[in-house]
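Following: one structure in structure tokens, then a few remarks.
The values are calculated or read from the model by the stated rules, or taken from the named source; none is laboratory data. Because the structure is predicted, anything quoted here is derived from the model rather than measured. Cβ atoms come from the backbone with ideal geometry, glycine included; neighbour counts cover every protein chain shown. Accessible surface areas use protein heavy atoms only, side chains included; no ligands, DNA or RNA. Shrake-Rupley method; radii C 1.70, N 1.55, O 1.52, S 1.80 Å.
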Amino acid sequence: DAGVIQSPRHEVTEMGQEVTLRCKPISGHNSLFWYRQTMMRGLELLIYFNNNVPIDDSGMPEDRFSAKMPNASFSTLKIQPSEPRDSAVYFCASSTGPHGGYGYTFGSGTRLTVV
Amino acid sequence: GDSVTQMEGPVTLSEEAFLTINCTYTATGYPSLFWYVQYPGEGLQLLLKATKADDKGSNKGFEATYRKETTSFHLEKGSVQVSDSAVYFCALEATGGFKTIFGAGTRLFVKA
């Protein structure tokens, strides 16, 4: 398996523009997580899907952020409009389930820079 | 609520030194415990795990034992290498919970 695949690896955009980050989880994994990592705040959980259904989006910072999972093999995280404070590394992770101690497999991340 | 506390870094060691990174947790029931490692420019990788009390997780020379009595899961390695330089995250998955809770991470530097 190729692991969790995220695209793009790097994204530089101007303030106010729409940004879409993409994730392909591992086949057979039914849980998917979006995280944001910054030096100041560390690793933050943004949203969690189970069987393509959003279970908890309490970590989404504001309405400018939205996430979808239209099928088991694809998810997107969209920021519209983007702001400089959204600059961070965004990780997608997948797991075989929310319970059972399986752990997560993380993608390599998307480094977003908003100028 | 559930939480994970790990020692602040950075930790700087010479090659072949003994490593301990402390991790304690607060949770009800019997959580599963994990250590993840993040190398520069990469995502987190699962290093080892333990799912019940007294279990020892091990991988690549790293070990950690699930200690229920002290609510701890300290990471150890007998002889570190320069290639072990990374950030290490302790994490727990609460009983019946749907997400993993991560510690703040501990950065390790190993000097040649």
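Worth a mention:
- Checked against (1) more than 28 Å from B:ALA104 (Cβ to Cβ); (2) hydroxyl-bearing (Ser, Thr, Tyr); (3) in a strand (DSSP E or B), A:SER94 passes all but condition (1).
- Scanning the stretch A:80-98 for residues that are farther than 18 Å from A:MET40 by Cβ and surrounded by fewer than 22 Cβ atoms within 10 Å (Cβ to Cβ) gives A:GLN80, A:PRO81, A:THR96, A:GLY97, A:PRO98.
- Scanning the stretch A:40-49 for any residue that is touching a strand residue (DSSP E or B) at 6+ places or on another chain (Cβ under 7 Å), assigned to a loop (DSSP other than H, G, I, E, B) and free of Cβ contacts under 8 Å to residues at least 60 places away in the same chain turns up nothing.
- Residue within the stretch B:30-40 that is open to solvent by 30 Å² or more (accessible area, probe 1.4 Å), away from chain A (no Cβ under 13 Å), touching a residue at least 24 places away in the same chain (Cβ under 8 Å) and touching a strand residue (DSSP E or B) at 6+ places or on another chain (Cβ under 9 Å) present: no
- Complete set of residues in the stretch A:39-70 that are within 14 Å of A:TYR90 (Cα to Cα), modelled with pLDDT under 95 and not hydrophobic (A, V, I, L, M, F, W, C): A:ARG41, A:GLY42, A:GLU44, A:TYR48, A:GLY59, A:PRO61
- Boolean, B:SER79 is at pLDDT 95 or above, out of contact with any Leu (no Cβ under 8 Å at 6 or more places or on another chain) and open to solvent by 60 Å² or more (accessible area, probe 1.4 Å): no
- Complete set of residues in the stretch A:38-87 that are in contact with an Asp or Glu (Cβ under 7 Å, 6 or more places away or on another chain) and more than 17 Å from A:GLN17 (Cα to Cα): A:ILE47, A:TYR48, A:GLY59
- The residues in the stretch A:26-47 that are away from chain B (no Cβ under 11 Å) and buried (at least 21 other Cβ atoms within 10 Å of the Cβ) can be counted, and the count is 3.
- Filtered by the rule that a residue be of a type in the set (Asp, Glu) and under 12 Å from the mean Cα position of the chain (by Cα), the stretch B:60-112 gives B:GLU63, B:GLU76.
- Here A:ASP63 passes the criteria (1) of a type in the set (D, E, K, R); (2) within 13 Å of another protein chain (Cβ to nearest Cβ); (3) part of a loop (DSSP other than H, G, I, E, B) except the one numbered (2).
- Qualifying positions in the stretch B:83-112 - of a type in the set (Phe, Trp, Tyr) and either more than 11 Å from chain A (Cβ to nearest Cβ) or assigned to a strand (DSSP E or B) (or both): B:TYR88, B:PHE89, B:PHE102, B:PHE109
- Of all residues in the stretch A:4-25, those satisfying the criterion of being outside any strand (DSSP E or B), open to solvent by less than 80 Å² (accessible area, probe 1.4 Å) and in contact with a Lys or Arg (Cβ under 9 Å, 6 or more places away or on another chain) are A:VAL4, A:PRO8.
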